[in-house]
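The values are calculated or read from the model by the stated rules, or taken from the named source; none is laboratory data. Because the structure is a prediction, the values reported are computed rather than measured. Counting neighbours? That spans all protein chains shown, and the Cβs are built from the backbone with ideal geometry, glycine included. Side chains are part of the model used for accessible areas, which takes the heavy atoms of the whole protein and leaves out ligands, DNA and RNA. Shrake-Rupley method; radii C 1.70, N 1.55, O 1.52, S 1.80 Å.
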Amino acid sequence: MLIINSGSSSLKFQLIEMPAEKVLASGLVERIGQASGKLHYKSEAYSTSEEMEIADHSVALKGVTKHLMHKDYGVIKDPAEIPAIGHRVVHG
């Protein structure tokens, strides 16, 4: 299950293996829409933080997907391996 918490200029994520509730990967994309964004990614075997241009949330999700499916350190091979996606919604 992929859990997403998207704010106006950030996106937090966790990929969780169910039903064991094991976190396979997690991270944060920050400064979305600003001149220089940053993507943080962490799995059991790999961790990175990289500066990149993140124009909008679509670009942020593409960066997350790239890391989740990376041939060397990704934790999935195909998006079909994600059975569900949850998004946290907060009403103020």
For Ile32, enumerate residues with amide H under 5 Å from its amide H, sequence gap 5+ or separate chain, H modeled in the peptide plane.
-> Ser10
For Cα Rg over 2.2 N^0.38 Å the list reads (1) 1.05; (2) 1.22; (3) 1.26; the calculated value is entry (1)
Can you tell me the FRET efficiency between Glu51 and Ala84 if r is taken as the Cβ-Cβ distance and R0 is 25 Å, rounded to the nearest 0.05?
-> 0.20
Given the rule -39500 (n - 2.57) for each run of at least 4 DSSP H residues, summed and divided by the residues of the chain, what is its mean residue ellipticity at 222 nm, to the nearest 500 deg cm²/dmol?
-> -4000 deg cm²/dmol
Portion, in percent, of the accessible area of the chain that falls on carbon or sulfur, probe 1.4 Å | 53 percent
Under 20 Å between C-alpha atoms, the lysine pairs in the chain lying 8 or more places apart or on different chains count 16
What do you reckon, how do Thr65, Thr48 stack up by accessible area (1.4 Å probe), largest on top?
-> Thr65, Thr48
Please arrange Val23, Val90, Val64 by accessible surface area, largest first, computed with a 1.4 Å probe and ligands excluded.
-> Val90, Val23, Val64
Largest first, how would Ile85, Ile32 line up by accessible area (1.4 Å probe)?
-> Ile85, Ile32
For Gly37, residues with placed amide H under 5 Å, excluding near neighbours = Met52, Glu53, Ile54
The answer for the chain, accessible area per residue at 1.4 Å probe in Å², is 64 Å²
From the phi of every residue in the stretch 43-56, what ³J(HN,Hα) in whole Hz does the Karplus formula 6.51 cos²θ - 1.76 cosθ + 1.60 yield, where θ is phi - 60° and glycine or proline is x?
-> 10, 4, 9, 8, 8, 8, 9, 9, 7, 7, 6, 10, 5, 7
